[in-house]
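Read through the structure below, which is laid out as structure tokens, and then see the notes.
The values are calculated or read from the model by the stated rules, or taken from the named source; none is laboratory data. Model, not experiment: these values are computed from the prediction. Virtual Cβ from ideal backbone geometry, glycine too; neighbours counted across all protein chains shown.
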Amino acid sequence: KKVGVLISGSGTNLQALIDHSQDLRKQSAAEIVLVISNKPGVQGLQRAEKAGIATKVINHKDFASREDFDDAIHTALTEAQVELVCLAGFMRILTGGFVKKWNGRMLNVHPSLLPSFKGANAHKLVLEAGVPLSGCSVHFVAEEVDAGAILVQECVRVYPGDTEDSLSERVKAMEHRAFPQAMELLAAGKASLGENGKIVWHSNS
Ligand SMILES: Nc1nc2ccc(CNc3ccc(C(=O)NCCCC(=O)O)cc3)cc2c(=O)[nH]1
Ligand SMILES: N[C@@H]1O[C@H](COP(=O)(O)O)[C@@H](O)[C@H]1O
């Protein structure tokens, strides 16, 4: 399956997806064919170029509306014959129209154990809540932010004295395991999004 990855920054999750898909021993069903960033000059673009993957910068500031921006992304993905989309640190909210077009074919990694701690500052909320466990969640993207069906989760301990930096570093190590696993499940047809919005597991694949 041809995969498109949307990024906004450092791209360590993108790197994990690239390493997985290009590891010949893994015989991955996923082939990353395009990386799109909404921000120019980010490290994720260099990671893609180094891996020989096509890149595009589609800057949301160049568009009059969210819909126009999302349409430009949809066009680029379609032209590259992308079949699955991974949001890897992509920090723009996508419109309902775009999400509908990619329903069941778009994954995001969120740095908490959803449904707890949704939103853009998950680690801060985790530390404020004083919970002993956190982790990451790879979920299908639904119109409601961070609310789609969860495909893979990995957990980590939260330690006294943890900061957002120390926690995010520990969680990211798990993201780099969980996201490639989820992408493979979807690309290989082992799991899919059911009509009722729940995960369907396919035994014969
Ligand atoms: N419709 C839909 N789209 C998404 C876009 C990105 C992400 C990644 N996680 C994200 C979760 C939250 C944010 C956020 O609140 N950013 C500040 C506002 C930025 C802006 O104005 O756009 C961004 C990405 C998830 C979703 C999702 O679950 N559903
Ligand atoms: N969505 C969140 O944004 C961060 C992206 O990091 P990177 O993949 O760009 O290094 C990750 O922590 C991910 O959970």
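Residue check, Gln46 against (1) more than 16 Å from ligand 1 (Cβ to nearest atom); (2) outside any strand (DSSP E or B); (3) surrounded by 21 or more Cβ atoms within 10 Å (Cβ to Cβ), all met but one. Which one?
For Gln46, the exception is condition (3).
Please go through segment 56-84 and give me each residue that is over 18 Å from the mean Cα position of the chain (by Cα), within 23 Å of Gly148 (Cβ to Cβ) and within 14 Å of ligand 1 (Cβ to nearest atom), ordered by number.
His60, Arg66, Glu67, Phe69
Looking at Leu107, Leu87 in this structure, which one is within 9 Å of ligand 1 (Cβ to nearest atom) and within 17 Å of Met183 (Cα to Cα)?
One residue alone meets the criteria, Leu87.
Looking only at residues that are within 13 Å of ligand 2 (Cβ to nearest atom) and among the aliphatic types (A, V, I, L, M) in segment 69-89, which one is surrounded by the fewest Cβ atoms within 10 Å (Cβ to Cβ)?
Filtering segment 69-89 for residues that are within 13 Å of ligand 2 (Cβ to nearest atom) and among the aliphatic types (A, V, I, L, M), the one surrounded by the fewest Cβ atoms within 10 Å (Cβ to Cβ) comes out as Leu87.
Looking at Glu184 and the list (1) among the charged types (D, E, K, R); (2) loosely packed, with under 14 Cβ neighbours inside 10 Å; (3) within 25 Å of Leu94 (Cβ to Cβ); (4) away from ligand 1 (no atom under 16 Å from the Cβ), which single condition is not satisfied?
(2)
Pull out all pairs, ordered by first then second residue, where Cβ-Cβ is under 9 Å, the residues are six or more apart or on different chains, the first lies in segment 160-185 and is more than 26 Å from Trp201 (Cα to Cα) and in contact (Cβ under 8 Å) with a residue 24 or more places away in the chain, and the second is among the charged types (D, E, K, R) and in a helix (DSSP H, G or I).
So the pair list comes out as Asp162/Arg170; Glu164/Lys124.
Show me the strands (runs of 3 or more DSSP E) entirely contained within segment 100-195 in which 1 or more residues are over 25 Å from Val33 (Cβ atoms) and more than 14 Å from the chain's Cα centre (by Cα).
Result: 133-140, 150-157.
So how many residues does segment 113-129 have that are under 14 Å from Glu169 (Cα atoms) and free of Cβ contacts under 8 Å to residues at least 40 places away in the same chain?
Residues flagged as under 14 Å from Glu169 (Cα atoms) and free of Cβ contacts under 8 Å to residues at least 40 places away in the same chain within segment 113-129 amount to 1.
Looking at Arg66, Arg92, Arg25, can you tell me which residue is out of contact with any Asp or Glu (no Cβ under 6 Å at 6 or more places or on another chain), loosely packed, with under 13 Cβ neighbours inside 10 Å and of a type in the set (Lys, Arg)?
The unique qualifying residue is Arg25.
Among the residues of segment 63-92, write down those that are in a loop (DSSP other than H, G, I, E, B) and not polar (S, T, N, Q).
Phe63, Ala64, Ala80, Val82, Glu83, Ala88, Gly89, Phe90, Met91, Arg92
Consider segment 52-67. How many of its residues are within 15 Å of Leu6 (Cα to Cα) and of a type in the set (A, V, I, L, M, F, W, C)?
4
Just the residues that are within 13 Å of ligand 1 (Cβ to nearest atom), of a type in the set (A, V, I, L, M) and at pLDDT 95 or above, please, taken from segment 112-148.
Leu114, Ala122, Leu125, Val138, Val141, Ala142, Val145, Ala147
Touching a helix residue (DSSP H, G or I) at 6+ places or on another chain (Cβ under 7 Å) and in contact (Cβ under 8 Å) with a residue 60 or more places away in the chain - does that describe any residue in segment 93-106?
Looking through segment 93-106, none of the residues is touching a helix residue (DSSP H, G or I) at 6+ places or on another chain (Cβ under 7 Å) and in contact (Cβ under 8 Å) with a residue 60 or more places away in the chain.
Would you call Thr12 hydroxyl-bearing (Ser, Thr, Tyr) and closer than 26 Å to Lys190 by Cα?
So Thr12 fits the description; yes.
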